[in-house]
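The structure appears below as structure tokens.
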Amino acid sequence: MMGLLSLFVVMVGMFLFSSQSEASKNDQIVIVHQGDTVWSIAQKVVSPSQDVRDVVLDIEERNGLSVPTLQPGMRLKVPHP
């Protein structure tokens, strides 16, 4: 039983580590604050050559947001500006 628990802990750790590594390569993490919207966050990271609507869609896809309702304290993956 302890062997299975140890294996589970190791696998979860590997998953969390690989998720963080993947996010750090292509994304930055933004903490949602009261009043933030996907649009307002996208406006902060959009580059001059991008359309903010495309960045909104990108943020929604990166974070699996089917309904763009944000809660303070959420961690969102967003593209590097």
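The values are calculated or read from the model by the stated rules, or taken from the named source; none is laboratory data. Please read these numbers as outputs of a predicted model, since none were measured by experiment. Cβ atoms come from the backbone with ideal geometry, glycine included; neighbour counts cover every protein chain shown.
Residue count for segment 24-34, restricted to those that are assigned to a strand (DSSP E or B) and either loosely packed, with under 14 Cβ neighbours inside 10 Å or β-branched (V, I, T) (or both): 4.
Note on segment 68-81: residues that are assigned to a strand (DSSP E or B) and modelled with pLDDT of 95 or more total 4.
Okay, residues lined up against (1) part of a loop (DSSP other than H, G, I, E, B); (2) surrounded by fewer than 10 Cβ atoms within 10 Å (Cβ to Cβ); (3) at pLDDT 70 or above:
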{"residue": "F15", "(1), (2), (3)": "no, no, no"}
{"residue": "E22", "(1), (2), (3)": "no, no, no"}
{"residue": "D36", "(1), (2), (3)": "yes, no, yes"}
{"residue": "I41", "(1), (2), (3)": "no, no, yes"}
{"residue": "P48", "(1), (2), (3)": "yes, yes, yes"}
{"residue": "R53", "(1), (2), (3)": "no, no, yes"}
{"residue": "L57", "(1), (2), (3)": "no, no, yes"}
{"residue": "S66", "(1), (2), (3)": "yes, yes, yes"}
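So that you can scan it fast, the table gives a plain yes or no per residue for (1) closer than 14 Å to D27 by Cα; (2) touching a Gly at 6+ places or on another chain (Cβ under 9 Å):
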| position | (1), (2) |
| --- | --- |
| D51 | no, no |
| E61 | yes, no |
| S66 | no, no |
| T69 | no, no |
| P72 | no, yes |
| H80 | yes, no |
